[in-house]
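Input: a single structure, listed below in structure tokens.
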Amino acid sequence: MYLYWKYFLFFCFIVLEINAQPILIRRFTPGNYKSDNVHQIELYNATNQAIDVKDYLLVTRDYSVYFLPKTIIAAQGIFSIGKKKESQKPLHLELTNYSTFLIRLFSRKVEGNYVVLFNPQGVVVQAFYYSQLPNIPFLPDLGQYLKPNKQTESFKLPPEQDTVWKYFGTGDDPAIGFVQINGEWKVTAANPSVNTIKATDYQQISGRYNEGVATLKWTTTFEDGLKNIDIERSTDQEQFNTITTIHAIGKPNFPQQYTYYDTAIQQDTIYYYRLKHQSLLGIYEYSKVIEIQTKTIKQEFSMQVITAGITPQIRFYSAYSQKLTMKILNDKYTEVAILYNNYVNADSENLLQLIENLPNGNYILVAMTEAKRYFQHLNIYK
């Protein structure tokens with residue numbers, strides 16, 4: 001029984017540790033709260049349920065703010081905090097009108113800037129600072145924040161040498177900020193008039209036409225506050241019209257794959273497509289433009305065994321830029337070798353050589369494109 005409780009308590013400890021910090025700082029744009037509109041902080045809810053961040057305390061060199069009840073951050077959601085800006089994306093919390101917001105006094109002779117997030121138990125969740133050089137004095141030891149009853153309470157920041165601090169070496173540049181993407185902190189620009197943090201980035205955008213259907217495929221490298229993806233089409237590369245809107249999968253730190261089939265098109269026409277993504281803050285950005293010709297190509301894909309024997313060579317041709325997987329199966333339809341598993345360029349011929357020695361026998365060469373499967377018999381002999 002003692003052993004049972006020991007492991008049970010150990011398990012509970014592990015669970016508590018894993019779930020100890022559901023709210024994290026995702027973006028830190030230092031700036032100077034008093035003199036510019038650059039300064040901004042974003043909190044991220046790393047869980048799959050909405051969280052009330054009441055009693056959390058956020059402290060910077062310029063101010064402190066105590067979160068009131070019903071300050072809700074949605075599941076996997078971003079919560080932006082800052083000063084009211086002109087012609088700028090909206091904030092979830094506008095500090096100027098927040099009742100527990102307190103401007104702090106500091107010396108302009110002090111280097112750098114910082115942000116610290118305390119949880120309701122008064123424990124530091126995250127602490128970041130930037131300055132020209134590391135390990136130089138930059139912090140006051142004590143500070144104050146306002147409670148809802150308008151009374152002030154004191155807090156104490158970790159000492160400068162504490163390992164809880166994350167250092168960013170930026171010099172004294174107010175146009176630099178930091179964002180966490182895929183678990184890593186990266187430097188980003190801080191422009192008050194545009195969305196400086198991409199909601200996503202597209203890779204491997206491809207398009208092809210086959211039997212009356214234009215197929216678009218793309219991959220997002222990450223989805224950080226991505227809301228919708230509009231697919232826009234044009235015939236002149238100037239006037240684009242939205243043909244559909246896709247709701248983003250919206251997992252911040254994971255790539256996602258999408259496919260769209262456009263059937264409302266005409267034969268023998270050149271169409272241009274682009275993706276327009278909208279962040280949760282209402283900011284738009286565009287992908288590159290791709291071209292699709294609705295012209296039936298007689299030979300979309302072909303393959304040919306040009307050298308037989310123990311190490312055969314296979315030549316293949318693809319009319320489209322697309323993902324291709326080529327395998328060899330034995331006479332029992334069991335996979336014995338993978339020859340190719342990658343993207344191929346449009347209108348290109350390629351040559352493969354089997355480098356693995358297979359036993360004599362009859363095999364099947366299988367090529368799987370994004371549209372069809374192709375089969376061809378293959379004999380291997382010595």
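The values are calculated or read from the model by the stated rules, or taken from the named source; none is laboratory data. Predicted model only: the values in this text are computed from it and were never measured. Quick reminder, even Gly has a Cβ in these numbers, built from the backbone with ideal geometry, and neighbours come from all protein chains shown.
General remarks:
- Residue in segment 20-30 that is modelled with pLDDT under 85, assigned to a loop (DSSP other than H, G, I, E, B) and under 18 Å from residue 177 (Cβ atoms) present: yes
- Filter result for residue 310 (touching a Lys or Arg at 6+ places or on another chain (Cβ under 7 Å), assigned to a strand (DSSP E or B), loosely packed, with under 14 Cβ neighbours inside 10 Å and modelled with pLDDT under 80): no
- Taken together, 51, 25 contain a single residue that is touching a residue at least 40 places away in the same chain (Cβ under 8 Å) and either closer than 23 Å to residue 147 by Cβ or among the aromatic types (Phe, Trp, Tyr) (or both), which is 25.
- Residue in segment 249-263 that is assigned to a loop (DSSP other than H, G, I, E, B), of a type in the set (Val, Ile, Thr) and either modelled with pLDDT under 85 or assigned by TED's automatic domain parsing to the domain that holds residue 79 (or both) present: yes
- Filtering segment 42-72 to residues that are in contact with a strand residue (DSSP E or B) (Cβ under 8 Å, 6 or more places away or on another chain), of a type in the set (A, V, I, L, M) and modelled with pLDDT of 90 or more leaves 43, 50, 51, 53, 57, 58, 59, 65, 72.
- Some residue of segment 270-279 being in a loop (DSSP other than H, G, I, E, B) and modelled with pLDDT of 80 or more: no
- Residue selected from segment 136-177 under the condition farther than 21 Å from residue 39 by Cα, assigned to a loop (DSSP other than H, G, I, E, B) and of a type in the set (A, V, I, L, M, F, W, C), by the criterion modelled with the lowest pLDDT: 136
- Some residue of segment 319-340 being at pLDDT below 80, over 30 Å from residue 227 (Cα atoms) and part of a strand (DSSP E or B): no
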